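Student: Take a look at the following structure, please.
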Amino acid sequence: MSKPVKVALLGCGVVGSQVARLLQEQADDLAARVGAPLELAGVAVRKMSRKREVDLDPALLTTDAHALVTRPDVDIVVEVIGGIEPARALILAAMAGGKSIVSANKALLAEDGATLHAANKADLYFEAAVAGAIPLIRPLRESMAGDRVHRVLGIVNGTTNYILDKMDSTGASFTDALEEAQSLGYAEADPTADIEGFDAAAKAAILAGIAFHSRVTASDVHREGITGVSASDVASAKAMGYVIKLLAICARSDDGRSIGVRVHPAMIPRTHPLAGVREAYNAVFVEAESAGRLMFYGAGAGGAPTASAVLGDIVAVARNRIAGTRGPSESVYADLSVHPMGETVTRYHVSLDVADKPGVLATVAEMFSRHDVSIQTVRQEGRGDDAQLVLVTHRASDAALSTTVEGLRELDIVRAVASVMRVEGDETP
Ligand SMILES: NC(=O)c1ccc[n+]([C@@H]2O[C@H](COP(=O)([O-])OP(=O)(O)OC[C@H]3O[C@@H](n4cnc5c(N)ncnc54)[C@H](OP(=O)(O)O)[C@@H]3O)[C@@H](O)[C@H]2O)c1
């Protein structure tokens, strides 16, 4: 057995405490798997006095994270602090000293992964940054390195999936479902990062960069949250055999020259594998040229599930250090650009409150056709003041659909454009 591999842990909160616990409780198994003991060298926190969810030798705790990551005897630095600073500065200081890095920090990797990759001298592993326990980064980076990915469709935020699932199964409003999610601990007191899609957008950027061998940052991602999804949108989707999910979608353009990266609520058929992802679970559906369709499913958050992914990375980078090697570095050779949302091509579900009189359908259909958006199905619902037209289009560009919707708003016979939602996962042309 080789000499101990020393691990510095930055952060001992929800995830960090579980990483520390597993390092201690599974020490013998981990040593056997790595070929050397994994020794906790120190744990950096903000407040020494805070109660921890793990029994730790108090001598390991420190508030001087910088001193810990620059200690010459430390081999691996595990960053589970979160946020941009001081996490970035600490990782860069550790990299300068040749340490291997394991991080769960999606915000930092999506905003400034390039700086970290450029400074990296050993390993930078971040399996836990996307979808908690679910193995995704290494499958995409390593197992699928011989394939060509066409599209990645993911439910990568448990809070929003819980809210949308409650709205679907009980008919609850968005506000009521959010309150329930908060009372059960699935949503934070300030739920903005989840419900406005920021968290999912960071994950989409990371997934797109890896899947398409290109550099993608959070600011490249088109982002819409779920606050505008109403109980009637959910009911309308249900009536048509669809369910509404907040999806992170990374896809090659039809000509293969660019990629689209977006996060927004979308309708998917109830028969699609992602439709069965309930409550706070996550899943990512990958479509690749040779592998076909793959789905990765599991717990997207939580201390122990996320720590499982962190531990997997620690074992991997420890093995690399002992072997005197490193894992694959960032692959951005394809250098595909992210196209504007207007160039995204998909299908749309449009609900219109309309006047209840003859000729309405023809006028509405003419507006779609004027902008080259072809209608696949149309349904008329209600009468009088409740008259509605519900249309589903064939594939069209987002720009064409937006101009169509602007035109519809101008029509006297359209009282309101009640909702516009993209339809995904149903490949009818
Ligand atoms: N929670 C999840 O389910 C989950 C899932 C996937 C990924 N992640 C990612 O994992 C990371 C950690 O999340 P978390 O939920 O474990 O966060 P958390 O519970 O808030 O824990 C953060 C830890 O970092 C410490 N810390 C904060 N600022 C520090 C500083 N300047 N120096 C030293 N320590 C500092 C805190 O110390 P004190 O305890 O003393 O305040 C705390 O122990 C984030 O990047 C998050 O996105 C979390």
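Student: Quick one: helix 303-323 against the long Cα principal axis of the chain, what's the angle to the nearest 10°, folded into 0 to 90?
Tutor: 50
Student: Ordered by residue, what ³J(HN,Hα) values in Hz, to whole numbers, does the range 59-74 give under the Karplus form 6.51 cos²θ - 1.76 cosθ + 1.60, where θ = phi - 60° and Gly and Pro are x?
Tutor: Whole-Hz 3J(HN,Hα) from phi for the range 59-74: 5, 7, 6, 8, 9, 9, 5, 4, 4, 5, 6, 9, 5, x, 7, 7.
Student: Between the helical axis of 174-183 and the dominant principal axis of the chain, each derived from Cα atoms, what acute angle in degrees is found, rounded to the nearest 10?
Tutor: 20
Student: Here's another thing I want to ask about it. Can you give the angle from 0 to 90° between the axis of helix 198-211 and the longest principal axis of the chain, with both taken from C-alpha atoms, to the nearest 10?
Tutor: Between helix and principal axis, roughly 80 degrees.
Student: Please work out whether the range 331-382 counts as rounded, prolate or oblate from its C-alpha gyration tensor, where a ≥ b ≥ c are the square roots of the eigenvalues and a/c under 1.5 means rounded, while otherwise a/b larger than b/c means prolate and anything else oblate?
Tutor: The shape class here is prolate.
Student: Taking +1 at the Cβ of each Lys and Arg and -1 at the Cβ of each Asp and Glu, which of HIS264, VAL284, PHE212 sits farthest along the dipole of the range 138-298 towards its positive end, judged by Cα position relative to the Cα centre?
Tutor: It is PHE212.
Student: Pick out which of PHE368, PHE126, PHE212 has the largest mean-square fluctuation in a Gaussian network model of the chain, springs linking Cα atoms closer than 10 Å.
Tutor: Looking only at PHE368, PHE126, PHE212, the biggest GNM fluctuation is shown by PHE368.
Student: Could I ask something else about it? Would you calculate the convex hull of the Cα atoms in the range 19-167 and tell me its volume per residue in Å³?
Tutor: Dividing the Cα hull volume of the range 19-167 by its residue count gives 171 Å³.
Student: Arrange the residues LEU294, LEU389, LEU336 by how much accessible surface each exposes, largest first, with a 1.4 angstrom probe.
Tutor: Descending accessible area places them as LEU294, LEU336, LEU389.
Student: Please give the Cα centre distance for the range 137-210 versus the range 277-331, rounded to the nearest Å.
Tutor: 16
Student: How fast does the chain diffuse by Stokes-Einstein, in µm²/s, taking the Kirkwood radius from C-alpha pairs at 4 °C and 1.567 mPa s?
Tutor: Answer, rounded: 56 µm²/s.
Student: So if I average 1/r over every pair of distinct C-alpha atoms in the range 229-319 and take the inverse, what Kirkwood radius in Å does that give?
Tutor: Taking every pair of different Cα atoms in the range 229-319, averaging 1/r and inverting gives 15.8 Å.
Student: Give me the Debye-computed log₁₀ of I(q)/I(0) at q = 0.11, 0.14, 0.18 Å⁻¹ for the range 138-298, equal point scatterers on Cα only, no solvent, two decimals.
Tutor: Treating every Cα as an identical point scatterer, log10 I(q)/I(0) equals -0.43, -0.69, -1.07.
Student: Who wins for biggest fluctuation among SER331, SER290, SER258 in a Gaussian network model of the chain, springs between alpha carbons below 10 Å?
Tutor: Highest fluctuation among the options: SER290.
Student: With a Cα-only, solvent-free Debye model of the range 156-197, what are the log10 I(q)/I(0) values at q = 0.22 Å⁻¹?
Tutor: Results for the range 156-197 at q = 0.22 Å⁻¹ read -0.60.
Student: I've got another one for you. Using the Cα centre as the reference, give the magnitude of the dipole from point charges on the C-beta atoms of the range 138-298 (Lys, Arg: +1; Asp, Glu: -1; all else neutral), rounded to the nearest 20 debye.
Tutor: For this selection, approximately 660 debye.
Student: If a/c stays under 1.5 just call it rounded; otherwise compare a/b with b/c (prolate if a/b is bigger, oblate if not). Do that for the range 1-41, with a ≥ b ≥ c from the square roots of the Cα gyration tensor eigenvalues.
Tutor: Judged from the Cα gyration tensor, the range 1-41 comes out oblate (a/c at least 1.5, b/c at or above a/b).
Student: Another question about this same structure. If you build a Gaussian network model of the chain, linking Cα atoms that sit under 10 Å apart, which residue out of VAL317, VAL78, VAL378 swings the most?
Tutor: Most flexible of the set in this elastic network: VAL378.
Student: Please list 3J(HN,Hα) in residue order for the range 378-393, calculated via the Karplus relation 6.51 cos²θ - 1.76 cosθ + 1.60 where θ = phi - 60°; whole Hz, with x for glycine and proline.
Tutor: For the range 378-393, the Karplus-derived couplings read 9, 10, 9, 10, x, 9, x, 5, 9, 5, 9, 10, 10, 10, 10, 9 Hz, x marking Gly and Pro.
Student: Taking only DSSP H segments of four or more residues, each worth -39500 (n - 2.57), what value at 222 nm results for the chain once the sum is divided by all its residues, to the nearest 500 deg cm²/dmol?
Tutor: -10000 deg cm²/dmol
Student: Here's something else I'd like to know. Cα-Cα over 27 Å: which of LYS3/LYS47; LYS121/LYS203; LYS47/LYS166; LYS106/LYS245; LYS106/LYS238?
Tutor: With Cα atoms farther than 27 Å apart: LYS3/LYS47; LYS47/LYS166; LYS106/LYS238.
Student: Related question: Could you list which residues have their amide H under 5 Å from that of ARG415, counting only those 5 or more apart in sequence or on another chain, with H placed in the peptide plane?
Tutor: ASP353, VAL354, ALA355
Student: How many angstrom lie between the Cα centre of the range 341-369 and the Cα centre of the range 400-429?
Tutor: The two parts, judged by their Cα centres, are 5 Å apart.
Student: Could you report the range 126-181's accessible area per residue, 1.4 Å probe, as an integer in Å²?
Tutor: Here the per-residue accessible area is 30 Å².
Student: If you roll a 1.4 Å probe over the range 255-370 with all protein chains in place, what percent of the accessible area is carbon or sulfur?
Tutor: Solvent-exposed carbon and sulfur of the range 255-370 make up 51 percent of the total.
Student: Residue by residue through the range 35-44, which ³J(HN,Hα) values in whole Hz follow from phi under the Karplus form 6.51 cos²θ - 1.76 cosθ + 1.60 (θ = phi - 60°), with glycine and proline marked x?
Tutor: x, 6, x, 9, 10, 6, 8, x, 10, 8
Student: List the trypsin sites (Lys or Arg not before Pro) in the range 85-157 that DSSP assigns to loop (not H, G, I, E or B) and whose Cβ has at most 15 other Cβ atoms within 10 Å. Which are they?
Tutor: Passing both the DSSP loop test and the Cβ count: LYS121, ARG148.
The values are calculated or read from the model by the stated rules, or taken from the named source; none is laboratory data. Remember, it's a predicted structure, so these values are computed and weren't measured experimentally. In this analysis, Cβ positions are derived from the backbone assuming ideal geometry, glycine residues included, and neighbour counts consider all displayed protein chains. The protein model used for the area step is the full one, side chains on, heavy atoms only, and it has no ligands, DNA or RNA in it. Shrake-Rupley method; radii C 1.70, N 1.55, O 1.52, S 1.80 Å.
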